[in-house]
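Student: Attaching a single structure in structure tokens format; questions to follow.
The values are calculated or read from the model by the stated rules, or taken from the named source; none is laboratory data. These numbers were taken from a predicted model, which means no experiment stands behind them. Cβ: placed from backbone, ideal geometry, glycine included. Neighbour counts: every protein chain shown. What goes into the accessible areas is simple: the full protein's heavy atoms, side chains included, and nothing from ligands, DNA or RNA. Shrake-Rupley method; radii C 1.70, N 1.55, O 1.52, S 1.80 Å.
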Amino acid sequence: MTAWIDRRALDLFAIEHPLLLAPMAGSGGSALATAVARAGGLGAIPCASISLQTIESEVKAFRTATGGARVNLNFFAHAPITPTDEATQRWLDRLAPYFAEYGVNVADLPKAGGRAPFDSAMCKLVEDVRPEVVSFHFGLPIDALLDRVKATGAIVIATATTIAEGRWLQERGCDAVIAQGYEAGGHRGNFLTDDMATQPGTFALVPQMVDALKVPVIAAGGIADGRGMAAALCLGASAVQLGTAFLLSEEATTVTAHRNALRTARDDNTAVTNVLTGRPARGIVNRIMREVGPLSPDALPFPLAGGPLTPLRAATEPDGLGDFQPLWSGQAGALARDASAAEIVTEIAERAARLLGI
């Protein structure tokens, strides 16, 4: 067993390595969470885009496979915004050339949505299944719901993209804070600011977050191998959270178009965009990001922007194309590799330990 110097995250989450799996909707589930947990990290199940019944079955599968390892259930805490008719029409007009190209009838567009914020029903599920860890993205739920989560005994963690957000989370009782740098793939966890131009990178954010907070800080963003993990721990992080590193793993549910794109990942072909869901998120640049974004004032608010893209995805995804779908990846996407999740965890942790001399 590696003698990691900072044991706060290890003891908090009861894990062997200071490594957390990022909850990744569309690419993560109980199989990936199980593999990471068995290898000594903290497994995570993304819950914002699946049903309560599916969450319950995923947790059961995880617990059966791991024999009782701790699990992190992740939820979104955004405040839904109802757009005006004018805003909706503006987005549809912006997408009209694509509808014409692929023969999409606007009248047949599916109802947008698919990513629900944490509510009383989700809270009741947490009370019933009692996950050891509950994490939130886009801030925290209202106090009444958060108090109920804490009453279950769950460890509560959440994402911050700035020091101000980190302090806000600590003041509201989070047991640890995830410091998400601008390099990170997937949705930005910002909630006190919408200004993407001033978002700090991971290795500028982490030491300042460590200095500002008393709770453990978990580094996230641009970390995909042992070198990055060692660097984050040297800067004071108690653990790292990795997502992109696992997107090509055997246990990930990453679709073919996404896997194809990841195999072309470079340091300079990802961007932060809002045209795929309505909130800023980093992914590999695809057609709609190039032609409409990457950041567009016409995009509907989260998660409504993605609804009208559904038939466009259906028309292109069977050909292995990701022109209209999220291809989430951090800036270190080129470091992701095809392997089992256990191999990835072990290799990253062992290399970090060697570099740290432990």
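Student: Using a Förster distance of 41 angstrom, determine the FRET efficiency expected from the C-beta separation of Ala79 and Arg7, and round it to 0.05.
Tutor: 0.65
Student: Counting residues in the chain as N, plug N into 2.2 N^0.38 Å and put the Cα Rg over that result.
Tutor: For the chain, the normalised Cα radius of gyration comes out at 0.95.
Student: Okay, moving on. State, as an integer percentage, the relative contact order of the chain based on alpha-carbon contacts under 8 Å between residues 6 or more apart.
Tutor: 19
Student: Pairs of alpha-carbon atoms within less than 8 angstrom and 6+ residues apart define the contacts here; what relative contact order does the stretch 220-280 have, in percent?
Tutor: That works out to 21 percent.
Student: Return the calculated 222 nm mean residue ellipticity for the chain, to the nearest 500 deg cm²/dmol, obtained by summing -39500 (n - 2.57) across DSSP H runs with n ≥ 4 and dividing by the residue count.
Tutor: The helix-only estimate for the chain comes to -11000 deg cm²/dmol at 222 nm.
Student: Compute, for the stretch 55-178, the length of the dipole vector about the Cα centre, with Cβ point charges of +1 (Lys, Arg) and -1 (Asp, Glu) only. Units Debye, rounded to 20.
Tutor: I would put it at about 360 debye.
Student: Further question: Taking the Cα centre of the stretch 144-244 as origin and charging only Cβ (+1 Lys, Arg; -1 Asp, Glu), how large is the dipole, in debye to the nearest 20?
Tutor: The dipole magnitude comes to about 220 debye.
Student: Moving on. With a 1.4 Å probe and all protein chains left in place, how much accessible area per residue does the chain have, in Å²?
Tutor: So the chain comes to 40 Å² accessible per residue, rounded to a whole number.
Student: In whole Å, how far is the Cα centre of the stretch 178-222 from that of the stretch 28-74?
Tutor: Spelled out, the Cα-based centre of one part sits 25 Å from the other.
Student: Here's something else I'd like to know. Viscosity 1.306 mPa s, temperature 10 °C: give me the Stokes-Einstein translational D for the stretch 14-125 in µm²/s, with Rh taken as the Kirkwood radius over C-alpha pairs.
Tutor: Rounded, D is 96 µm²/s.
Student: Do me a favour and compute the ellipsoid semi-axes for the stretch 129-223 from its Cα gyration tensor, root of five times each eigenvalue, largest one first, whole Å.
Tutor: 23, 13, 12
Student: Treating only the Cβ of Lys, Arg, Asp and Glu as charged (+1, +1, -1, -1), what charge dipole size does the chain show about its Cα centre? Round to the nearest 20 debye.
Tutor: Using only the charged Cβ atoms, the result is roughly 480 debye.
Student: Tell me, in nm to one decimal, what length is gained between Asp108 and Ala144 on full extension, where the rule is 0.36 nm per residue of separation less the Cα-Cα distance?
Tutor: 9.1 nm
Student: List the lysines whose alpha-carbon lies under 28 Å from that of Lys111, not counting same-chain residues fewer than 8 positions away?
Tutor: Reachable lysines: Lys124.
Student: Sticking with this one: Sort the following peptides by mean Cβ neighbour count (other Cβ atoms within 10 Å, averaged over residues), highest first: 269-279, 147-157, 185-195.
Tutor: Final packing ranking: 269-279, 185-195, 147-157.
Student: How fast does the stretch 258-358 diffuse by Stokes-Einstein, in µm²/s, taking the Kirkwood radius from C-alpha pairs at 25 °C and 0.890 mPa s?
Tutor: 163
Student: Rounded if a/c is under 1.5, else prolate if a/b is larger than b/c, else oblate: which is the stretch 6-79, with a ≥ b ≥ c the root eigenvalues of its Cα gyration tensor?
Tutor: It is oblate, given that a/c is not under 1.5 and a/b is not larger than b/c.
Student: Can I ask one more? For the stretch 182-326, take the alpha-carbon Rg, divide it by the Kirkwood Rh, and send me Rg/Rh.
Tutor: Here Rg/Rh amounts to 1.00.
Student: Give the carbon-plus-sulfur fraction of the accessible surface of the chain in %, rounded to a whole number; probe 1.4 Å, heavy atoms of protein chains only.
Tutor: 51
Student: If you don't mind, there's one more thing I want to ask. Say each of Ala100 and Glu127 gets a label point 7 Å from the Cα, pointing the same way as Cα to Cβ; how far apart are those two points in nm?
Tutor: Roughly 5.4 nm, to one decimal.
Student: With an 8 Å Cα cut-off and a minimum separation of 6 or more residues, compute the relative contact order for the stretch 190-321 in percent.
Tutor: Reported relative contact order: 16 percent.
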